[in-house]
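J.: One structure, as structure tokens, below. Some questions next.
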Amino acid sequence: MNKTFFPLIVVLTVFCCFFLPGQAAASEELNAAMSRFLTRLPMHAVVSVKQEIPISKVDLFLAAIYAANDMKPLWVSEKGPDKNAAVILQFLENAETEGLRSSDYDVQGINRLWRSRQLDDLAQLDTLLTLNLAKYIHDVSHGRLSPFESEPELFAEAGDRHFKPVLIIENARAAENLAAYLADLPPHHEYYRKLRETLKEYRKIAATGGWERIPAGKSLHPGDRDERVEKVRERFGAAAAFENETLYDDQLVLHIKQFQKKFGLKVDGVIGPNTLEALNRSPEDIIEVIILNMARWRWQKIEFGRRYIMVNIANYDLVAVEDDRIILEMAVIVGKLQHQTPVFSRRVQYVDINPFWNITPSIAAKEELPELQKDRFYLAKRKVRVFSNWQDDGVELDSTEIDWHKVTAGKMKQYKLRQDPGLFNALGQIKFVFPNEYDVYIHGTPAQELFEHNKRNFSHGCIRASRPLELAEFLLSGEKQGWSLARIKEIVGQGQRMVVNITNPVSVHITYQTVWIDNLGEIHFNDDIYGRDRKLAAILLAQENERNKENQQILEQ
């Protein structure tokens, strides 16, 4: 070929590909179809393409996205879906791996339109891809919003109420590798990853039929003989040939005790009603609980860092972690059903050694006043002092000289009740403060006998730690002053209040995990002590089905 004409041929080729009338006309026709399709959306309501729009306002956030993109298709051409569209569909189809449901992202509708080259179908396909990509990004990053919309106090962390759909789609389109971008959205930490892996395992078990139920009957004690023992062996994969298949022997007792520990049951080796109920829990039920707990982790979106404290309300425990190793673990007491400990994350700002306890007005009115009306020495016996008001000029009063029968609940709230440091102090020897809107903190307690209970929801919402001095040592170990357990004990023994600020505040995460995976990969279950699993499951199922119907109506009207 003549080299003189080669550049000219290249130019003509490019011109033909991009500027010939036929190609331009086809593109204009698709744009026109897109504009026609978008007329069903409230384009007039878009105030700003940067506005925050709840994910539940489908028509409005779609209008904002396409208004920001000149009403043009984002994922399709007249030739069909592009490679990013294929990536989107792949992630929506595999939403189950993240504990989500592909049916919530209209995979069926997308597949129905996938091979069509009709312009109206392409316009609808592009809109479906945009809609469900935005929903998926929101849900896998922050969890669904519907729990918050139904129970704003109970599920305050759920969803993103500051969702910016235009920015979300812009970021997705700007990603060099959309698949890598989407894969990076879920929580990165091990607690979520382990649940995701376990979810996969239990789905395999469910797909093969699960396990056979063990019939009800009398409680089985070690050494008992019963026809059901063989089924119990099968449940643990321990159904090898035994001379005494009906004997509840020591080997099987060991399996049951390990099982009881994992399910938060009394570890006694007795197969009673509670243990039998846990044994008969279906794989499908376990899958649902795993999914609910994955959702909770998406709500909190935690970055743990090197050092942190984590409380699991449902497990009544606290762990202190450094460099991915559990340094300290202890039992805790959490809020009663009517005073539930909230879920949130903050940073511990200071440690209060030998703290005062300022009794809240509500506790003073509801609990202290009735006791005082029975015994006017009730406060004095516990070294609780009474002041005329909550201001700095409040005057100390003699609580034994007040006629408490004449004091109303409203008047009681005006008094300031403060318990001095000491053995009787309800906060124990140390209080750990991480300022928050709930006025919740971690502290010790003189009532150490309460830690002997398996179920420990006794507080008004704060968290009582069984080993507060060791927790203080963990928190203060990074300080320059060289804090040690011996020094902390010495200061506690002096009985004088001391506040120690933490120069490098440590994160504290209050969580509610009814299922979790330990470092050995073993699954553990906790009682749903506040009944949140049941409520969350009902909300997600009902709300998502309703939302899908509304979305379908918007795009097919």
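J.: Could you give the alpha-carbon Rg of segment 371-454 over 2.2 N^0.38 Å, rounded to two decimals? Mind showing how you got there, number by number?
T.: Values: Rg = 15.2 Å, N = 84, 2.2 N^0.38 = 11.8 Å.
Its radius of gyration relative to the 2.2 N^0.38 Å reference: 1.28.
J.: Provide, in order from the shortest bin, the percent of all Cα-Cα pairs of segment 167-311 in each 5 Å bin, continuing until the bin that contains the maximum pair distance.
T.: Per 5 Å bin, starting at zero, the Cα-Cα P(r) for segment 167-311 comes out as 2, 8, 14, 15, 14, 12, 10, 8, 6, 5, 4, 2, 1, 0 percent.
J.: If you don't mind, another one. For ARG347, enumerate residues with amide H under 5 Å from its amide H, sequence gap 5+ or separate chain, H modeled in the peptide plane.
T.: Excluding prolines and chain starts, which carry no amide H, the hits are VAL508.
J.: Extent of segment 324-426 along each principal axis, from alpha carbon coordinates, in Å, largest to smallest?
T.: Projected onto its principal axes, the Cα set of segment 324-426 covers 57, 29, 25 Å.
J.: Can you give the translational diffusion coefficient of segment 98-227 in µm²/s, computed by Stokes-Einstein from the Kirkwood radius over Cα pairs at 37 °C and 0.692 mPa s?
T.: Working: Rh = 18.8 Å.
Calculated translational D: 175 µm²/s.
J.: What does DSSP give for the chain in terms of the percent of beta bridges that are antiparallel, rounded to the nearest 5?
T.: On the way: 45 of 54 bridges.
If we restrict to bridges inside the chain, about 85 percent are antiparallel.
J.: I've got another one for you. Mind checking Rg over Rh on segment 407-551, alpha carbons, Kirkwood formula for Rh? All intermediate terms of the calculation are to be shown ahead of the outcome.
T.: Details: Rg = 20.8 Å, Rh = 19.3 Å.
That ratio equals 1.08.
J.: Now a separate question. Once you have a ≥ b ≥ c as the square roots of the Cα gyration tensor eigenvalues for segment 18-186, tell me rounded if a/c is under 1.5, and otherwise prolate or oblate according to whether a/b is larger than b/c. Spell out each step's value before the answer.
T.: Details: a/c = 2.05, a/b = 1.53, b/c = 1.34.
Because a/c hits 1.5 or more and a/b exceeds b/c, segment 18-186 counts as prolate.
J.: Then there is this: Would you mind checking LYS301/LYS489; LYS374/LYS416; LYS416/LYS455; LYS257/LYS455 for any pair whose Cα atoms are more than 27 angstrom apart? Walk me through the numbers before you get to the answer.
T.: Values: LYS301/LYS489 36 Å; LYS374/LYS416 20 Å; LYS416/LYS455 32 Å; LYS257/LYS455 18 Å.
In this structure, LYS301/LYS489; LYS416/LYS455 exceed 27 Å between Cα atoms.
J.: Then there's this: From the backbone phi of segment 375-389, what are the Karplus-calculated ³J(HN,Hα) couplings (6.51 cos²θ - 1.76 cosθ + 1.60, θ = phi - 60°) in whole Hz, Gly and Pro given as x?
T.: In residue order, the calculated couplings are 8, 5, 8, 4, 6, 4, 4, 9, 6, 9, 9, 10, 10, 5, 7 Hz.
J.: Another question, if that's okay. To the nearest 500 deg cm²/dmol, what mean residue ellipticity at 222 nm is calculated for the chain from DSSP H runs of n ≥ 4 alone, each contributing -39,500 (n - 2.57), summed and divided by the residues?
T.: Details: 20 runs with 228 residues, N = 557.
That calculation yields -12500 deg cm²/dmol at 222 nm.
J.: Write out the GluC sites (Glu not before Pro) in segment 150-243 meeting two conditions: DSSP loop, and at most 12 other Cβ atoms within 10 Å of their Cβ.
T.: Details: sites: GLU153, GLU157, GLU170, GLU176, GLU190, GLU197, GLU201, GLU212, GLU227, GLU230, GLU234, GLU243; in loops: GLU153, GLU157, GLU176, GLU212, GLU227, GLU243.
Taking segment 150-243 and a limit of 12 other Cβ atoms within 10 Å, the loop GluC sites (Glu not before Pro) found are GLU153, GLU176, GLU212, GLU227, GLU243.
J.: Given Cα positions, please report Rg to Rh for the chain, the hydrodynamic radius being the Kirkwood one.
T.: Values: Rg = 30.8 Å, Rh = 28.3 Å.
Rounded to two decimals, Rg/Rh equals 1.09.
J.: Hydropathy first: keep DSSP H helices in the chain averaging at least -0.5 on Kyte-Doolittle, then drop any whose Cα extent along the axis falls short of 24 Å, and list what survives.
T.: On the way: long enough: 21-38 (25 Å, -0.04); 119-142 (34 Å, 0.17); 190-207 (26 Å, -1.37); 283-300 (26 Å, -0.01); 532-556 (35 Å, -1.21).
Span-like helices here: 21-38, 119-142, 283-300.
Every read-out reported here was derived from the displayed coordinates using simple, explicitly stated rules and does not represent laboratory data. The shown structure was predicted, so the numbers you read here are calculated from the model rather than taken from an experiment. Note that each Cβ is placed from the backbone with ideal geometry, even for glycine, and that neighbours are counted across all protein chains shown.
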